[in-house]
1. Could you list, ordered by first residue, the pairs with Cβ atoms under 6 Å in which the first is in region 394-410 and assigned by TED's automatic domain parsing to the domain that holds LEU346 and within 19 Å of ILE552 (Cα to Cα) and the second is among the hydroxyl-bearing types (Ser, Thr, Tyr) and assigned to a helix (DSSP H, G or I), at least 6 apart or interchain?
2. Being surrounded by fewer than 19 Cβ atoms within 10 Å (Cβ to Cβ), more than 23 Å from ASP284 (Cβ to Cβ) and of a type outside the set (A, V, I, L, M, F, W, C) is the filter here; which residues of region 388-433 pass it?
3. Suppose we filter THR500, THR525 for residues that are under 30 Å from TYR387 (Cα atoms) and in contact with an Asp or Glu (Cβ under 9 Å, 6 or more places away or on another chain); which single one remains?
4. Looking at region 311-330 only, could you name the residues that are farther than 19 Å from PHE398 by Cα and surrounded by fewer than 24 Cβ atoms within 10 Å (Cβ to Cβ)?
5. Just one of the numbered conditions (1) surrounded by 22 or more Cβ atoms within 10 Å (Cβ to Cβ); (2) in contact with a Leu (Cβ under 6 Å, 6 or more places away or on another chain) is not true of LYS178; which one?
6. Has region 55-65 got at least one residue that is touching a helix residue (DSSP H, G or I) at 6+ places or on another chain (Cβ under 8 Å), touching a residue at least 40 places away in the same chain (Cβ under 8 Å) and surrounded by fewer than 21 Cβ atoms within 10 Å (Cβ to Cβ)?
7. Which of the numbered conditions does PRO574 fail, given that it passes all the others? Conditions: (1) more than 25 Å from ARG518 (Cα to Cα); (2) without any contact (Cβ under 8 Å) to a residue 60 or more places away in the chain.
8. Give region 76-87 a look and list any residue that's among the small types (Gly, Ala, Ser) and at pLDDT 95 or above, or say none.
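The values are calculated or read from the model by the stated rules, or taken from the named source; none is laboratory data. Values in this document were obtained by computation on a predicted structure and should not be read as measured data. Cβ: placed from backbone, ideal geometry, glycine included. Neighbour counts: every protein chain shown.
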Amino acid sequence: MKRRAHLLAILAAALPIAAAAQAPPGGIAGSEACAFKAAGGTRSILARGDFADPGVHVTYYRLRLKLSSSFLTGDVLARLVCLSDSVSTVSFDLAGSMTVDSVLGPGGPLRYTQYLQGFQAQLGRTYRKGDTLTVDTFYGGVPIATGFGSFESSSLDGSPWIWTLSEPYGARDWWPCKDDNSDKADSIDMLVTVPSGLKAGSNGTLVATEVHGNGTTTFHWSERYPIAAYLVSLAAANYVEIDDWFRYSPADSMPIINYVLPPSAGDSLRALGETKSMLRIFSDAYGLYPFIKEKYGHSRFGSGGAMEHQTMTSTTNFYESTISHELAHQWFGDLITCANWPNLWLNEGFAVYSESVFLERYYGPAAYTAHIRGVMTNALNAQGTLYVQDTSTVANLFDADRVYDKGAWTLHMLRHVLGDSAFFRSLRAYVADPRFRFRSATTEGFRSVCETVSGKDLGYFFSEWVYGEGYPRYSYRWKVTPTGVLFNVSLVLSQTGSSTATPFFRMPVDVRLVAGSRDTTFQVTPLASGETFTFAVPFYPSALQIDPDMWILRDVVTPESILPDAYALAQNYPNPFNPATWVTFSLPHRSVVTVTVYDPVGREIAVLARGEWEAGTHSVRWEGTDTGGKPVATGTYFCRFTAGGYAETRAMVLLR
């Protein structure tokens, strides 16, 4: 789900639907295609929590629905397989605003009891593990929207406009289901009857359109890939259909179908072209688009942002970032769904990060850098763990700073820890892993794939960044000590955690030493705050940078300087040289300094430094000229350094 305008969606969802919980005048006509059937049952609205029945797995749903203004009637047939040896009841999630009229089982009408969040039917006998049965629930009512909308009915220019957005807990608001991400149905059929003149979109492939003589039309959509309940969707309006094709091989192609509203039909044309590019880029990065035998596309709806309904994203806009975000969800969210809502970052963090992947491969590395660094600002504001422990409210679960942006930055960091090759091989292996493909996953499942592919133990990484809080704040001190032809750099690297819950991060840290146009980068892995690291380089570094390419979610404090503990003159660099060289000297105290160049017979050629200098390490440049600025000849020259009673001389070779 694209997080844009989520707050508006939450506020809108809190408003009651007009005429909520009221049937249209005259009730439900018995002649309607999806009319209720009369059967004995008990409707006792009792308080009860989630109803999803762990004793059965739903292999198939057939939703047969009729939409009339804001009133929904229909029946949902569920094909079940028993998971235990003592199944005598079956339960489904369904909001109390919807009325169950009857439930049919293998032997006919079933007795049932309806609760606030679902209903339970008595099967009349006990089923054993592996047994299969079919339950058909007839129901109706005006869905009361929760979360981001669930089921919304409105009008646009006098024409009905109906759409769904069930994430996270809204599927039960409009149809009876087993609302459990870890237990996907193998397939579904959606038969939705709408007033003629409307077009209805849903998951999978449109297999039939039937125009009735009573002013209605039924659209039959068939989804033959496994699907989580919250990803089942429908959208109906006076849509204009704009189609294209994704040619994924010389001989094969897949339709791209856009259902757009007439006033904005032109807005989708650019998105169609970009969608094809995104399908190609993500197929290259993660593996072929997972629902390749069906379709991909979009339908316009009225919520804030967009929602990654399987094979047909619902969206309010065709912005580039929105389209890439929701398309990436087809891999991360739809193909592989977070097994439970605390692991939502496996959906949303991956989708935000994929926006950067698209930009990198479409526009170049600079576009990736600009996007991901923009994400960092929000990620630094994240509160709590990336693993969302409290999922009781939609606002907390879909916290953009934490779940979206910190989730994306965690993948950015993981990419650097693993290296580009191992990182993308890990993503492709994750997508292809039969434990998760068309199923669900947890953070630990993803971690196991990354460790297998890379051969690295990533326990510290996931402990700190997924289950830990905050980020490191680095501070450092450094000094340079000349030693012969090399310069020893001593770095003291300290850190504190922005949250006391995670006071230390054992992250590999890049350290870059810079001198003019020259630089070199080392990587260190601190095991304790205040640890000292030493590097030897062939040049005098004028600057030291911590995590210069911003691979870590962090803050870096301006460094403190470490004063040299002795007078010293380093070997000039480069040596031999042409046309110029650097002479570096160290002062433990403020001192009067002279740095003079002599020829082999002891004549003074040039004065490079004279006067009082502050304590520290300094460099002066000799360009191979005498005091008058005239170039001197090829040969060996001697540099003499004096300060505080200390003197040292080094030979320098000029080659013209």
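1. Here the result reads ALA408/TYR353, each pair linking region 394-410 to a residue that is among the hydroxyl-bearing types (Ser, Thr, Tyr) and assigned to a helix (DSSP H, G or I).
2. Matches in region 388-433: GLN389, ASP390, THR391, SER392, THR393, ASN396, ASP401.
3. THR500
4. Scanning region 311-330 gives ASN317, PHE318, TYR319, GLU320.
5. Here LYS178 meets the rest and fails (2).
6. Here is the first cut: in region 55-65, the ones touching a helix residue (DSSP H, G or I) at 6+ places or on another chain (Cβ under 8 Å) are none.
Checked region 55-65: no residue is touching a helix residue (DSSP H, G or I) at 6+ places or on another chain (Cβ under 8 Å), touching a residue at least 40 places away in the same chain (Cβ under 8 Å) and surrounded by fewer than 21 Cβ atoms within 10 Å (Cβ to Cβ).
7. Single failed check for PRO574: (1).
8. Correct list: ALA78 only.
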